[in-house]
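K.L.:
One structure is given below, represented as structure tokens, and several questions about it will come after.
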Amino acid sequence: MKQFIVDAFTDKIFSGNPAAVCVLDSFPSEDIMQNIAAENNLSETAFVVKENDRYHIRWFTPKSEIDFCGHATLATAFVLFNYYAQDTDTINFYGQIGEFTVRRSGELIRMEFPAYRLEHIEITDMMIEALGTIPLAAYKGRDILFVLRDEDEVQNLQPDMELIPKLDGACIAVTAKGTEYDCVSRVFAPKFGIDEDPVTGSTHCMIAPY
């Protein structure tokens, strides 16, 4: 096994969202993968094995396996394109969410992810207490997405990290329209040992459809 540490979603070292990438000939036991992820203590460690013409990928947080992770997929694609699959511009992955494709386009890497189906849900007193504010709307997919009033409210939010894990979502995301960008967002995942994730690809599978 070889392990790489990659800063995803950035062009500067020591920024973005770091992920560990483990390239293997076959998967070890889940206990070993979980222990490696816990020791790395990054938001995600990706484990990838080539099987015929595609790559089987799994993602582990410091606490448990998760069904999908965007930034660790980007990190894995970067490693494969640069060290294992230099002669191709397309990598086909599959994991718990099914099959998806990552392509190299010049110096860019383009990831084609699934769109999560959103269910509008009622805002509860527990949600308000956990967030410390009353959101405009709430949606449920794998994660819960809360729509806030503006960029400042997103940036200044101070959620209760003891109550956030009690909400019925893998991750808890907040978003609003940005001043310089289409949207701004933050993502909290204390259920997985991550109070706040620096950048989260998978949650944007909710934010983009919204």
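K.L.:
Can you name every residue in segment 64-105 that is of a type in the set (S, T, N, Q), in contact (Cβ under 8 Å) with a residue 24 or more places away in the chain and in a strand (DSSP E or B)?
P.N.:
Once the filter is applied, which keeps residues that are of a type in the set (S, T, N, Q), in contact (Cβ under 8 Å) with a residue 24 or more places away in the chain and in a strand (DSSP E or B), segment 64-105 yields only Asn92.
K.L.:
Additional query: Which numbered condition in (1) surrounded by fewer than 20 Cβ atoms within 10 Å (Cβ to Cβ); (2) free of Cβ contacts under 8 Å to residues at least 60 places away in the same chain is the only one that Val21 fails?
P.N.:
Failing condition for Val21: (1).
K.L.:
Same structure, new question: Identify the single condition in (1) modelled with pLDDT under 95; (2) over 23 Å from Ala189 (Cβ atoms); (3) assigned by TED's automatic domain parsing to the domain that holds Ser185 that Gly141 does not satisfy, given that it satisfies every other one.
P.N.:
(2)
K.L.:
Being touching a residue at least 12 places away in the same chain (Cβ under 8 Å) and within 19 Å of Glu162 (Cβ to Cβ) is the filter here, so list the residues in segment 122-134 that pass it.
P.N.:
Residues satisfying the conditions are Met126, Met127, Glu129, Ala130, Leu131, Gly132, Thr133.
K.L.:
Which of the residues belonging to segment 93-109 are surrounded by 13 or more Cβ atoms within 10 Å (Cβ to Cβ), closer than 21 Å to Thr203 by Cα and not hydroxyl-bearing (Ser, Thr, Tyr)?
P.N.:
Answer for segment 93-109, where residues must be surrounded by 13 or more Cβ atoms within 10 Å (Cβ to Cβ), closer than 21 Å to Thr203 by Cα and not hydroxyl-bearing (Ser, Thr, Tyr): Phe93, Gly95, Ile97, Phe100, Val102, Arg103, Ile109.
K.L.:
Looking only at segment 29-48, count every residue that is buried (at least 17 other Cβ atoms within 10 Å of the Cβ) and either outside any loop (DSSP other than H, G, I, E, B) or not assigned by TED's automatic domain parsing to the domain that holds Ala77 (or both) and tell me the total.
P.N.:
Counting residues in segment 29-48 that are buried (at least 17 other Cβ atoms within 10 Å of the Cβ) and either outside any loop (DSSP other than H, G, I, E, B) or not assigned by TED's automatic domain parsing to the domain that holds Ala77 (or both) gives 9.
K.L.:
Strands (runs of 3 or more DSSP E) wholly in segment 110-210 with at least 2 residues that are surrounded by 13 or more Cβ atoms within 10 Å (Cβ to Cβ) - which ones?
P.N.:
Where strands (runs of 3 or more DSSP E) fall fully within segment 110-210 and carry at least 2 residues being surrounded by 13 or more Cβ atoms within 10 Å (Cβ to Cβ), they are 137-140, 144-147, 172-176, 184-189, 194-197.
K.L.:
Hey, among the residues in segment 5-28 that are assigned to a strand (DSSP E or B) and not β-branched (Val, Ile, Thr), which one's nearest to Arg186 (Cα to Cα)? If you could, list the steps in order and put the result at the bottom.
P.N.:
Restricting attention to segment 5-28, the residues satisfying the condition of being assigned to a strand (DSSP E or B) are 5-8, 17-24.
Okay, now just the ones that are also not β-branched (Val, Ile, Thr), so 7-8, 17-20, 22, 24.
Working: Asp7: 18, Ala8: 16, Asn17: 13, Pro18: 16, Ala19: 18, Ala20: 21, Cys22: 27, Leu24: 32 Å.
The residue in question is Asn17.
The values are calculated or read from the model by the stated rules, or taken from the named source; none is laboratory data. Keep in mind that this is a model prediction, so the values were computed, not measured. Here the Cβ is made from the backbone with ideal geometry for all residues, glycine too, and neighbour counts use every protein chain on show.
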